[in-house]
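Trainee: My structure is below; once you've seen it, I'll send some questions.
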Amino acid sequence: MAEKRKKSRVLIVEDDSAQADAIAEALQRVGHECVVVTAPRRALNIIKNGEFDLVITDLVMHEIDGMEILRVAKREVPEVEVIMVTGHGSIQNAVEAMREGAYDYITKPLNVEELRGRAAKALERKELRYQKRRLQAQLDERFGFEGIVGNSPQMRRVIETARQIAPTTAIVLIYGESGTGKELLARAIHNNSPRKRGNFVALNCAALSEGILESELFGHEKGAFTGAVAARKGRFEYADGGTLFLDEVGDMPAATQIKLLRVIEDGQVMRVGSNVPIQVDVRLISATHTNLEKLIEENRFRKDLYFRLKGVTLSLSPLRERREDIPLLTEYFIKMLAERHTKPITAITPEAQRTLSAYRWPGNVRQLRNTVETMIVLASSDRLDVSDIPDDIHPSEGPVAVQVPIIAGITLEQAERELIRNTLEMAGGNREKVAQMLGIGQRTLYRKLKQYDLG
C-alpha cells in the first residue's frame, strides 16, 4: 500500500496583511495548508518550531527583510524551499537570494497562476528529494551498503563482507571488471570505518607513466626532476589518517611495486629527490580487473607484494552474471538522476525494463547508469519506454530474468510454485519486479500467488 503523504504546509511571511491573505487564499484553493505571519520577526520562532515544506516571504519588510527569513529557514530546516516575493526594483536582490538558497522569486503584482505554478514546482523538488532519501534508506537497509545496490546472492555476500571489514584496519583487494563499482565499494568501506573523517584518496595506476606514478604516490622535492618547481605531497601523505585506493594495481610498473612494498612494510614514504622518510598511517585498498596470480606466473607482478595487498578479497561480479539486480539498479538510477536533471520521471515500462535486463552490459553498472541518464535527459514523458532506449543497446539474447537450478521429479505445478517463490525472494517481495522478471502480467502473477498461497 502506498504511503499517504500529508498536505503540503506553506508558511507565508508578509507584513502587508491583505497581500498575505491573497497568497494564502490562492494556495489554499489548490489544497495547500497555509500559515500566515504578518509580524516577520515572529516568523523566526515559528520556522524553528514548525514543520513547513515551503516558505513564501516578501523580500522587503519593516521589521526584518526576507534575506533573514531565508537564512534562518535554511539553517533550521535545510530541506525547506523558499520563494521570494519582490517588486521590480528589487529583482537583483531576489537573484542574490537564490544564490543563497532560495528556490525562486515572484515579482509584484502577483499573478495567481504563476504563484501556484512556482509553488507546485518548489514542492515537487522537495518531494523528489524526500523520495530519494526514503529510497536510499530502504536500499541501504534491504539491499545496499552506502550506495552499493544489489540483491543478488553475489552482491549480498560482498555487502555483508564489506560491512564486517569496514570497522577494521584490514587491507582489502577488490576484483572486478571496469564499471562494476570498485571505487564506490572502496569509498563505502572508508565511509563506514573509524577513518571516515580522514581523506579518501584514489589513484588509477594504469593511467600514469612510471615516473609520474611514483611522484603521485610518494610526492617529490623541489628540483627532483625537470618541471619540479616546488615540493609536492604524494597521495600517501594526503591519505595520512585515511584511506588510499589504488585502482588497476596490476598495471603498476615493477620498480614502483618494490617501492610500494617498502611503504607497506615500513609505514614510511620517501619523496622523489629526498632521503628523509615521512611516517604515514594509511589504510590501503587496491583493485584490479586482472588476475594477479596469473601476472605473478608471468613475472609481471611481485608475489610478496601480492600477499601484502591481498588481505580481505572482494569480487564484484559483472552485471551480466547478476541480471536480477538490473531492475533494482534501474529504479535507483531513475530516482537519483530524475531529480538531478529536474525531470518528472517516476517509472519505466515493463517492456523497456525487459530490454535493459536482456542486454549483456559490457560496461557493467557504469554503462547502465549512463544509459538511464541518457534516457531521462531525452525522455518526453514521465515514464521511460522502449523508444527512449539508445540505439546501441540491443539485446544480444532473450530475456534471462531468473536463473534457477534444473529440477526433476516434481509436477509442473510444483515447479511453477518454486519458481515464483524463488523470484519473490530474489526481488525482495516487490511484485512489480517479479512480474517483470518472469515476463508475465501483474494480474497473472497475483492470481498465481493466490493459487499457490504465496501471499
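Trainee: I'm trying to understand the selection: among the residues of segment 324-366, which are over 20 Å from the mean Cα position of the chain (by Cα) and charged (D, E, K, R)?
Mentor: GLU351, ARG354, ARG360
Trainee: While we're here: Do we have any residue at all in segment 168-189 that's within 27 Å of ASP281 (Cβ to Cβ), at pLDDT 90 or above, touching a Pro at 6+ places or on another chain (Cβ under 7 Å) and not charged (D, E, K, R)?
Mentor: No - not one qualifying residue is present in segment 168-189.
Trainee: Here's something else I'd like to know. Provide a single number: the residues in segment 178-198 that are crowded, with 17+ Cβ neighbours inside 10 Å and either over 18 Å from the mean Cα position of the chain (by Cα) or at positive phi (or both).
Mentor: Result for segment 178-198: 5.
Trainee: Quick check on this structure: which one of GLU51, GLU68 is assigned by TED's automatic domain parsing to the domain that holds GLU127, surrounded by fewer than 22 Cβ atoms within 10 Å (Cβ to Cβ) and modelled with pLDDT under 90?
Mentor: Only one candidate passes the filter, namely GLU51.
Trainee: Restricting segment 17-38 to residues that are assigned to a loop (DSSP other than H, G, I, E, B) and surrounded by 13 or more Cβ atoms within 10 Å (Cβ to Cβ), which is nearest to the chain's Cα centre (by Cα)? Spell out the reasoning first.
Mentor: Looking only at segment 17-38, we keep the residues that are assigned to a loop (DSSP other than H, G, I, E, B), and these are 29-32, 38.
Restricting the remaining residues to those that are surrounded by 13 or more Cβ atoms within 10 Å (Cβ to Cβ) gives 32, 38.
Values: HIS32: 31, THR38: 41 Å.
Looking at the filtered set, the residue picked out is HIS32.
Trainee: Could I ask something else about it? I'd like to verify a number: residues in segment 219-244 that are over 31 Å from the mean Cα position of the chain (by Cα) and either more than 15 Å from VAL276 (Cα to Cα) or surrounded by 16 or more Cβ atoms within 10 Å (Cβ to Cβ) (or both), how many? Talk me through it step by step, then tell me what you get.
Mentor: Keep residues of segment 219-244 that are over 31 Å from the mean Cα position of the chain (by Cα), which gives 219-232.
Remaining after also requiring either more than 15 Å from VAL276 (Cα to Cα) or surrounded by 16 or more Cβ atoms within 10 Å (Cβ to Cβ) (or both): 219-221, 223-230, 232.
Count: 12.
Here's the yes/no breakdown for (1) over 18 Å from MET155 (Cβ atoms); (2) under 31 Å from the mean Cα position of the chain (by Cα):
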position: ARG417; (1), (2): yes, no
position: ASN430; (1), (2): no, yes
position: GLY439; (1), (2): yes, yes
position: ARG447; (1), (2): yes, no
position: ASP453; (1), (2): yes, no
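Trainee: Residue by residue through segment 45-76, note down the ones that are in a helix (DSSP H, G or I), touching an Asp or Glu at 6+ places or on another chain (Cβ under 8 Å) and of a type outside the set (Lys, Arg).
Mentor: Of everything in segment 45-76, those that are in a helix (DSSP H, G or I), touching an Asp or Glu at 6+ places or on another chain (Cβ under 8 Å) and of a type outside the set (Lys, Arg) turn out to be ILE47, GLY66, MET67, LEU70.
Trainee: Same structure again: Among (1) free of Cβ contacts under 8 Å to residues at least 40 places away in the same chain; (2) charged (D, E, K, R); (3) within 23 Å of LEU128 (Cβ to Cβ), there is one condition ASP65 misses while meeting the rest; what is its number?
Mentor: Here ASP65 clears every test but (3).
Trainee: Tally the residues that are polar (S, T, N, Q) and surrounded by fewer than 15 Cβ atoms within 10 Å (Cβ to Cβ), restricting the search to segment 273-296.
Mentor: In the first step, residues of segment 273-296 are kept if they are polar (S, T, N, Q); the result is 274-275, 279, 286, 288, 290-291.
Filter once more, so that each one left must be surrounded by fewer than 15 Cβ atoms within 10 Å (Cβ to Cβ): 275, 279, 291.
Total satisfying the criteria: 3.
One line per residue, one yes/no per condition, for (1) assigned by TED's automatic domain parsing to the domain that holds GLU81; (2) modelled with pLDDT under 90; (3) under 22 Å from HIS32 (Cβ atoms):
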position: VAL112; (1), (2), (3): yes, no, yes
position: ALA120; (1), (2), (3): yes, no, yes
position: GLN131; (1), (2), (3): yes, yes, yes
position: ARG142; (1), (2), (3): no, yes, no
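Trainee: Any idea which of ARG360, ARG302, ARG340, ARG322 is of a type in the set (D, E, K, R) and modelled with pLDDT of 95 or more?
Mentor: Result of the check over ARG360, ARG302, ARG340, ARG322: ARG302.
Trainee: Still on this structure: Count, please, the residues in segment 254-288 that happen to be under 17 Å from GLU210 (Cβ atoms) and either touching a Leu at 6+ places or on another chain (Cβ under 7 Å) or not in a loop (DSSP other than H, G, I, E, B) (or both). Break it down into steps so the answer makes sense when it comes.
Mentor: First, pick out the residues of segment 254-288 that are under 17 Å from GLU210 (Cβ atoms): 254-263, 269-273.
Among the residues that remain, those that are also either touching a Leu at 6+ places or on another chain (Cβ under 7 Å) or not in a loop (DSSP other than H, G, I, E, B) (or both) are: 254-263, 269-270, 272.
The total comes to 13.
The values are calculated or read from the model by the stated rules, or taken from the named source; none is laboratory data. Being a predicted model, the structure only gives us computed values, none of them experimental. With ideal geometry, Cβ positions are generated from the backbone for all residues, glycine too; neighbour counts draw on all protein chains shown.
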